[in-house]
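To start, the structure under review is shown below, and the notes come after it.
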Amino acid sequence: MTPRPGGPVAVTGLGLVSAAGTDVDSNWKTVLAGVSTAAEDPRLADLPHRVTCRVPEMDLTGLLGRGRAWRLDRFVQLALVAARQAVADAGLDGGAWDGARVAVVLGAALGGTATWEAQHSRFHDHGPARISPLVLPMCLPNMASGEVAIDLGTRGPSLSVSTACASGTTAVGLARDLLLQDRCDVALAGATEACLSPFTVTAFGRMNALADPAQPAARASRPFDADRSGFVMGEGAGVLVLERPDDARGRGAAVRALVTGFGSSSDAYHSTAPDPSGKSAALAVHAALADAGLGPGDVQHVNAHGTSTRLNDITEAGLIARTYDASPSVTATKGVTGHTLSAAGALEAAYTVLAIQHGVTPPVANLTRVDDCAGIDLIHGGSRREAVQVAVSHSFGFGGHNAVLVVQRA
C-alpha cells in the first residue's frame with residue numbers, strides 16, 4: 001500500500017556542533033569549503049588508530065555553568081549547546097512557551113563512553129568506594145533528551161532514539177510525526193555523540209571499520225574515492241527546531257526549509273554490513289518519497305550516508321543509481337566531519353536544509369579518484385550552485401537500520 005502524504009513541518013531553527021565548527025555558520029563554511037577536519041589525536045597517541053574529528057575547543061564551563069558542565073558527560077554537553085543554539089535561532093523563548101507542548105526527540109547510540117571508561121579504571125584501581133554516584137545519570141543514552149528537557153523547561157514528550165548511525169534521521173522523522181499528530185506544537189529533534197575514547201575507537205578499529213592509519217590524517221576520510229579504506233570517527237551534535245508551517249508563520253518565524261517525508265526500513269541481513277542489494281534501503285527511500293507525495297524523478301540532490309567504507313559506498317552508490325530517475329547531485333559530508341555515528345543524520349539533515357536555503361551544495365572532501373563502481377553525479381572539486389527544490393538525506397546504521405528524510409524548499 002502506498003503511504004498517504006503526512007504533510008510538511010517547518011525547520012525554524014538549527015544548532016550545530018561538530019569538528020567543522022561550534023555553530024551553524026562555522027559548520028556551513030567548513031562543509032562548503034570541503035576541507036577535512038581529521039587530525040592526529042593526542043589523546044589516542046598510543047593507539048594504532050589515532051586520527052579523529054574532534055569538536056574545536058569550547059568553554060563548556062562558561063556556556064553551561066560550572067556545576068552542570070562538571071556533572072554531565074560530553075555527549076550531553078554537546079547536545080545542550082546545540083539545543084540552545086537551535087532554540088535561539090528559531091526566535092523562541094523557553095521562558096515564554098508552553099513547555100507542555102514542546103517535545104524533545106534526540107538520538108544517542110553509545111552514551112557516555114568516556115565516563116564509563118574513566119570510572120571503570122577507577123573501580124579497577126581503587127575499588128567501589130571511589131566510583132562516582134553520578135556514573136549512571138552521566139552515561140545513560142536517554143540523558144541527552146532528559147537534560148535538554150530539564151535545561152529548557154520542556155514538559156512534552158521526551159524521547160530517546162537509538163538506531164545506531166541512523167539515530168539522528170530517525171529522531172527527526174519521529175518528531176515530525178508528533179507534530180502532525182498534534183502531540184506537540186514545537187519539537188527539538190536531532191542527535192548527539194561523543195565517543196572518541198580509547199576503548200571505543202579501538203573497538204571500531206578491531207572491526208576493520210576505520211581508515212588505514214598509514215594514510216595522511218587529512219586524507220583519511222574520503223567517501224566514494226577509489227582509495228578509501230574506512231571511516232574516521234568524529235563527535236558532535238545537531239538539533240533542528242520543527243513546527244507546523246501555519247504555527248511558524250503565525251508567530252512570524254523564518255522558515256529555513258520543510259521536512260516533507262520520512263521513511264525507514266530494516267535490512268534484516270547482517271549486524272554490521274549493509275545488504276549489498278540495497279533493496280531494503282530502497283524501501284526507506286520510496287516510503288519517504290511517498291510520504292512527501294513525490295516520486296524518484298523529483299529528487300535533485302542527495303546527502304549520502306557516505307561513510308568512506310568500501311561496502312557502504314558501493315552499496316549506496318548502486319542504490320542511488322537505481323532509485324532516482326533524474327541523476328541527482330550527490331554529496332557526502334563525512335569527508336569533512338568524520339563519522340559522528342548517531343549524530344550523523346542530524347548534522348546531515350541540517351546541511352541539507354542549508355543547501356536548499358542557500359542554493360549551494362557542498363562537495364565531497366578528498367574525492368580525487370572517483371570509484372568506478374559509483375556511476376553517480378558526485379560533487380567534487382568545489383561547491384556547486386544549485387537551486388534545489390527537493391533533496392533527500394540518507395542514514396544507515398548497524399543492525400540494518402535505514403532512515404531517509406525528504407527536505408524541500410519552503
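A few comments on the model shown:
- Among 184, 373, sorting on how many other beta-carbon atoms sit within 10 Å of each Cβ, with the fewest leading, yields 373, 184.
- Look at the alpha carbon pairs under 8 Å that are at least 6 residues apart: their mean separation over the length of the chain gives a relative contact order of 25 percent.
- If you wrap the tightest convex hull around every Cα atom of the chain and split its volume per residue, you get 128 Å³.
- Segment 3-94: C-alpha gyration tensor shape, a/c 1.5 cut-off, then a/b vs b/c: oblate
- Look at the Cα gyration tensor of segment 263-370: its axes a ≥ b ≥ c give a/c under 1.5, and that counts as rounded.
- For a modelled paramagnetic label at residue 47, 7 Å from Cα along Cα-to-Cβ, no residue of segment 320-342 is in reach, as no backbone nitrogen comes under 12 Å.
- Ordered by the number of other Cβ atoms lying within 10 Å of each residue's own Cβ, fewest first, 269, 351, 324 fall into the sequence 269, 324, 351.
- Using the Cβ-Cβ distance between residue 140 and residue 202 with R0 = 22 Å, the FRET efficiency computed as 1/(1 + (r/R0)^6) comes to roughly 0.45.
- In terms of packing, defined here as the mean over residues of other Cβ atoms within 10 angstrom, the peptides 285-291, 27-33 line up highest first as 285-291, 27-33.
- Peptides 217-226, 359-368, 103-112 ordered by average Cβ neighbours within 10 Å, highest first: 103-112, 217-226, 359-368
- Sum of side-chain charges, residue 347 neighbourhood, beta-carbon under 14 Å (Lys, Arg +1; Asp, Glu -1): -3
- If you plug the beta carbon distance of residue 358 and residue 120 into 1/(1 + (r/R0)^6) with R0 = 30 Å, you get a FRET efficiency near 0.10.
- Counted residue by residue at 0.36 nm each, then reduced by the alpha carbon distance between them, the extension gain from residue 132 to residue 98 reaches 8.7 nm.
- Efficiency of FRET from Cβ geometry, residue 63 and residue 35, R₀ 25 Å, rounded to 0.05: 0.50
- The slack between residue 249 and residue 370, meaning 0.36 nm per residue of separation minus the straight C-alpha distance, is 39.2 nm.
- Cα-based shape type of segment 346-410, given that a ≥ b ≥ c are square roots of the gyration tensor eigenvalues and the cut on a/c is 1.5: oblate
- Relative contact order, whole percent, for segment 1-97 stands at 35, derived from Cα pairs under 8 Å and 6 or more residues apart.
- Computed label-point distance, nm, for sites residue 327 and residue 273 using a 7 Å Cα→Cβ extension: 3.2 nm
- Ranked 170, 272, 309, criterion: other C-beta atoms within 10 Å, fewest first: 272, 309, 170
- Local electrostatic count at residue 115 - Lys and Arg +1, Asp and Glu -1, tallied over other residues with Cβ under 10 Å: -1
Each reported figure results from applying straightforward, stated rules to the coordinates on display, with no laboratory input. Given the structure is predicted, the values throughout are model-derived calculations rather than measurements. Here the Cβ is made from the backbone with ideal geometry for all residues, glycine too, and neighbour counts use every protein chain on show.
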